[in-house]
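*Asks:* Below is a structure I'd like to ask you about.
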Amino acid sequence: MGAITIQNLTKSYASTEVLKGIDLAINDGEFLILVGPSGCGKSTLMNCIAGLEEITSGHLLIANEDVTDLSPKDRDIAMVFQSYALYPTMSVARNISFGLEMRKYPKAQIEATVQEVATLLQIEHLLDRKPSQLSGGQRQRVAMGRALARDPRVFLFDEPLSNLDAKLRVEMRTEIKKLHKRLGTTIVYVTHDQVEAMTLADRIAVMKDGIVQQFGTPHEIYNDPANRFVADFMGSPAMNFIECVVFEGNLVVESAAKRYELAIPNAEALKASGLETVVLGIRPEMITEPKPSTDATYVSQMFLDVSVTEPTGPDTLAFGTWNGQDLQARLSPEKGRQAEIDSTIAIQVDTAKAVLFHPQTGARI
Amino acid sequence: MNSLQLKMGRALIYGLLITFALLYLGPLYVMLVTSLKDIEEIRGGNILALPEHLNFSAWSKAWSSACTGTDCEGLAPYFWNSVRIVIPAVLISTLIGAFNGYVLAQWQFKGSNMLFGALLFGCFIPFQVILLPMAKLLAILGLANTVTGLVAVHVVYGVTFTTLFFRNYYVAIPNELVRAARLDGAPFFTIFWRIFLPMSTPIIVVTVIWQFTQIWNDFLFGVVYSGPGTQPITVALNNLVNTSVGGKQYNVDMAAAIIAALPTLFVYFVAGKYFVRGLTAGAVKG
């Protein structure tokens, strides 16, 4: 039904190449998220899928049908825009039915569809209002209703939640996920918010400079990042990157004026690379207060000088240094309070999930 | 600041406002009272005095029997000439301007900004420069001395302004609206008719007032491109004032001038509140 295949797609404006050969295969019914910093080409890619931008070279297939040269209306897709783009002079009902009218659906069917969509999104009481009389969240629902009414093969969401306040954003996020579960239609969703990407996606494509850096499940992206950019972009608080000297297959770390050697899981790969220094990537939740009875292979005990703490409620972020470079640890609230008093505390480091990057290129080792 | 200073400031502001209002309304008052006096009273009396009796004979004379050159049919036929010129010229130039603005703001193509710049340049071309070439062109097209010819001239001249108004109004509307409509399957013209025109009420009102005032008050094109039967009211008013049969008839002149000005006043009173609102309106929300 709604599988999308993107083959070596490029897009240039005059002399600047915005998309540099994108290859993606999106399964039918999959929730794909395009994520990346602004200017990475994710919105351009989405507009190319929609047909609102012409593709410079390459192919785009929807359900194994080449749609590269089809106009937007013939691709059977619907889109939800960041600014909602509701038609300001039309009532909510007309906004929802406009696409059906344009496609010359019979009147009775249009009315039934509007009613059905309105019920699904709980906006029945708003059908006679104009968009200017709605709140941000209500407009968002109408915009989604307009897309739903068409029952397309593919939904495109272009940063749909970025104009909502924080609380509403989380609510709508859950609702979109429920909606996808219920409808099972393919969704391509653009965001720059990595939390949205992690929570919603079946698979994520992380983009930078017009290139897909990594394409995988949220679990793969988080735990097995392809390079330093992906590791840095995904995850909040962000991963720690510490440049370390390699000594007999272990990494040397200086913390609280003492030297420690950390064992790492992929020592063979490190040896094969022949690098003398390497960038250690380790997530803050792997640096905690000492815990009893953990598998000891990759666990080290050490001390850390804490300069600042940031309590977030469930846990406290502690800022210190390793090898003179900034480090974040994730402590329990109790340990966090102790760190504020003592400044030097005992911690435990688990390197089982640590990853290594080339110090110059940022490539994964 | 104490309350006395506040009151003095208020008094000063109101004083100035009233002074200027009187300054503007004074001539209108003189015109009105003069048009209601008979000629003896004008000669003998004070220019500011109210008329002794209400006398509408000057008005009916100006409308239906005053002499404009050799014809003595009053302003009526010329009034209707003006109506026949103004209505199509305003409608056509507004519609074309709206369409141009829609394309220039929402469907940018290679060179569209250059084209807009060139169109803007049209706003700064003085009337006098195009008089002769336009006369030649109208003659070639067989439109010299016709109402159609005058309408065409006003449309061509007005389109630069109407395009500017609509383009600047539409450029503030996010392009996502067009994108959404395209995905909904609406073609180019449908998007214009069904989505953009309906949300243009403020700017349509501004454009209509502007164009109506410009075209109704136009004298130069009217005097150059019209023939004996197609002269607009401004030209007739000029002829009426300059034709004197047995001395100046100030009351008739004044009545004729007010008649010639009434339609623009009417349009402004009916739609005026939209005028300021439309000129200052920002993007359409929603």
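*Asks:* Taking the Cα centre of each part, how many Å lie between the stretch A:240-305 and the stretch A:34-53?
*Replies:* When both Cα centres are located, 38 Å separates them.
*Asks:* Rank B:T146, B:T34, B:T70 by mean-square fluctuation in a GNM of chain B with C-alpha springs under 10 angstrom and give only the top-ranked residue.
*Replies:* B:T70
*Asks:* Ignoring ligands and nucleic acids, what accessible area does B:I18 show with a 1.4 Å probe (Å², nearest 10)?
*Replies:* 100 Å²
*Asks:* Could you tell me which residue out of A:S57, A:L32, A:L86 lies farthest along the dipole of the stretch A:1-116 toward its positive end? Charges go on the beta carbon: Lys and Arg +1, Asp and Glu -1, centred on the Cα centre.
*Replies:* A:L86
*Asks:* Here is a follow-up. How would you classify the protein assembly as shown from its alpha-carbon gyration tensor, with a ≥ b ≥ c the square roots of the eigenvalues: rounded for a/c under 1.5, else prolate if a/b is greater than b/c, otherwise oblate?
*Replies:* Details: a/c = 3.17, a/b = 2.39, b/c = 1.33.
In terms of gyration-tensor shape, prolate.
*Asks:* Okay, moving on. Hey, what did the stretch B:116-238 get for relative contact order, percent, Cα under 8 Å, at least 6 apart?
*Replies:* On the way: 59 pairs, mean separation 48.0, N = 123.
For the stretch B:116-238, the relative contact order is 39 percent.
*Asks:* While we're looking at this one, here's another question. Can you give the accessible area of B:F121 in Å² (nearest 10), computed on protein heavy atoms with a 1.4 Å probe?
*Replies:* For B:F121, the solvent-accessible surface is approximately 130 Å².
*Asks:* How much area per residue is accessible in the stretch B:3-55 when the probe is 1.4 Å and only protein heavy atoms are counted (Å²)? Could the numbers behind the result be given before it?
*Replies:* Values: 4320 Å² over 53 residues.
Per-residue accessible area for the stretch B:3-55 comes out at 82 Å².
*Asks:* Using a 1.4 Å probe and counting only protein heavy atoms, arrange A:K181, B:K248 so the residue with the most accessible area comes first.
*Replies:* Working: A:K181 160, B:K248 85 Å².
Correct descending sequence by accessible area is A:K181, B:K248.
*Asks:* Name the most mobile residue of B:I203, B:I130, B:I85, meaning the one with the largest mean-square fluctuation, in a Gaussian network model of chain B with Cα contacts below 10 Å.
*Replies:* Of B:I203, B:I130, B:I85, the most mobile in the Gaussian network model is B:I130.
*Asks:* Please give the average number of partner chain Cβ atoms lying within 10 Å of the Cβ of each residue in B:267-274, rounded to a whole number. Display every interim value, and only then the final one.
*Replies:* Details: counts 0, 0, 0, 0, 0, 0, 0, 0.
Across the residues of B:267-274, the mean count of other-chain Cβ atoms within 10 Å is 0.
*Asks:* Provide a whole-number value for the mean count of partner chain Cβ atoms within 10 Å of the Cβ atoms in peptide B:172-182. Each step should come with its number before you reach the end.
*Replies:* Details: counts 0, 2, 5, 4, 9, 7, 2, 10, 16, 7, 7.
Averaged over the peptide's residues, the number is 6.
*Asks:* In debye, nearest 20, what is the charge dipole magnitude of the stretch B:3-55 about its Cα centre with +1 on Lys and Arg Cβ and -1 on Asp and Glu Cβ, if you could check?
*Replies:* The calculation lands at about 440 debye.
*Asks:* Could you give the dipole magnitude of the stretch B:26-148 about its Cα centre, charging the beta-carbon of Lys and Arg +1 and that of Asp and Glu -1, in debye to the nearest 20?
*Replies:* Numbers: 6 positive and 6 negative charges, 129 e Å.
About 620 debye.
*Asks:* Do any GluC sites (Glu not before Pro) in the stretch A:256-301 lie in a DSSP loop with no more than 16 other beta carbon atoms within 10 Å, and if so, which?
*Replies:* Working: sites: A:E261, A:E268, A:E276, A:E285; in loops: A:E276.
Those that pass, being in a loop and sparsely packed, are A:E276.
*Asks:* Continuing with the same structure: Ignoring everything except DSSP H segments at least 4 long, calculate the 222 nm mean residue ellipticity for the protein assembly as shown; use -39,500 (n - 2.57) per segment, divide by total residues, nearest 500.
*Replies:* Values: 22 runs with 302 residues, N = 651.
Value at 222 nm, helices only, nearest 500: -15000 deg cm²/dmol.
*Asks:* What's the Cα-based Rg to Rh of the stretch A:1-74, Rh via Kirkwood? Write out the running numbers ahead of the final one.
*Replies:* Numbers: Rg = 11.9 Å, Rh = 12.6 Å.
Value, to two decimals: 0.94.
*Asks:* A follow-up question, please. If B:L16, B:L138 are ordered by their accessible area, calculated over protein heavy atoms with a 1.4 Å probe, which sequence runs from highest to lowest? Walk me through the numbers before you get to the answer.
*Replies:* Numbers: B:L16 95, B:L138 5 Å².
Ranked from most to least accessible, the order is B:L16, B:L138.
*Asks:* Next up: Return the carbon/sulfur percentage of the accessible area of the stretch B:3-55, one whole number, probe 1.4 Å, all protein chains in place.
*Replies:* Taking all protein chains in place, the stretch B:3-55 shows 73 percent carbon and sulfur surface.
*Asks:* Taking the full set of protein chains and a 1.4 angstrom probe, give the accessible area of A:K178 in square angstrom, rounded to the nearest 10.
*Replies:* The accessible area comes out at roughly 140 Å².
*Asks:* Contact order normalised by length for chain A, with contacts defined as Cα pairs under 8 Å and 6 or more residues apart; what percent is it?
*Replies:* On the way: 737 pairs, mean separation 57.6, N = 365.
Over chain A, the number comes to 16 percent.
*Asks:* Could you tell me the center-to-center distance, by alpha carbons, between the stretch A:190-214 and the stretch B:224-279 in angstrom?
*Replies:* 68 Å
*Asks:* Distance from the Cα centre of the stretch A:337-363 to that of the stretch B:123-169, in angstrom?
*Replies:* 76 Å
*Asks:* Okay, moving on. Relative contact order for the stretch B:76-280 using alpha-carbon pairs under 8 Å, separation at least 6, rounded to a whole percent?
*Replies:* Details: 184 pairs, mean separation 69.9, N = 205.
About 34 percent, as a whole number.
*Asks:* Treating cross-link reach as a plain straight distance, find the lysines whose alpha-carbon is under 24 Å from the alpha-carbon of A:K335, omitting any fewer than eight places away in the same chain.
*Replies:* In chain and number order, the partners are A:K258, A:K291, A:K353.
*Asks:* With a/c under 1.5 counting as rounded, go ahead and sort the stretch A:111-194 into rounded, prolate or oblate using the C-alpha gyration tensor (a ≥ b ≥ c being the square roots of the eigenvalues; past the cut-off, prolate if a/b is larger than b/c, else oblate). Kindly include the intermediate steps, with their values, before the conclusion.
*Replies:* Numbers: a/c = 1.86, a/b = 1.13, b/c = 1.64.
Oblate is the answer for the stretch A:111-194, as a/c is 1.5 or above yet b/c matches or exceeds a/b.
*Asks:* Further question: Mind running the shape call on chain B? Use the C-alpha gyration tensor, a ≥ b ≥ c as the square roots of the eigenvalues: rounded below 1.5 for a/c, prolate if a/b tops b/c, oblate otherwise.
*Replies:* Working: a/c = 2.72, a/b = 1.37, b/c = 1.99.
Oblate is the answer for chain B, as a/c is 1.5 or above yet b/c matches or exceeds a/b.
*Asks:* Rank these by accessible area, largest first, 1.4 Å probe: A:D315, B:D184.
*Replies:* Values: A:D315 35, B:D184 5 Å².
The ranking, largest first, comes out as A:D315, B:D184.
*Asks:* Please average, across the residues of A:70-82, the number of beta carbons from any other chain that are within 10 Å of each residue's own beta carbon, and give a whole number. All intermediate terms of the calculation are to be shown ahead of the outcome.
*Replies:* Values: counts 0, 4, 6, 7, 1, 1, 0, 1, 3, 6, 1, 7, 2.
Average per residue, whole number: 3.
*Asks:* With +1 on each Lys and Arg Cβ and -1 on each Asp and Glu Cβ, and nothing else charged, work out how big the dipole of the stretch B:76-280 is about its Cα centre, in Debye to the nearest 20. Before the final figure, lay out the partial values.
*Replies:* Numbers: 10 positive and 4 negative charges, 58 e Å.
It works out to roughly 280 debye.
*Asks:* Under 10 Å, Cα contacts only: if you run a Gaussian network model on chain B, which one of B:A260, B:A62, B:A105 comes out with the highest mean-square fluctuation?
*Replies:* B:A105
The values are calculated or read from the model by the stated rules, or taken from the named source; none is laboratory data. As the structure is a computational prediction, the values presented were derived from the model and not from experiment. Cβ: placed from backbone, ideal geometry, glycine included. Neighbour counts: every protein chain shown. We work out accessible area using only protein heavy atoms, side chains counted, and drop any ligands, DNA or RNA first. Shrake-Rupley method; radii C 1.70, N 1.55, O 1.52, S 1.80 Å.
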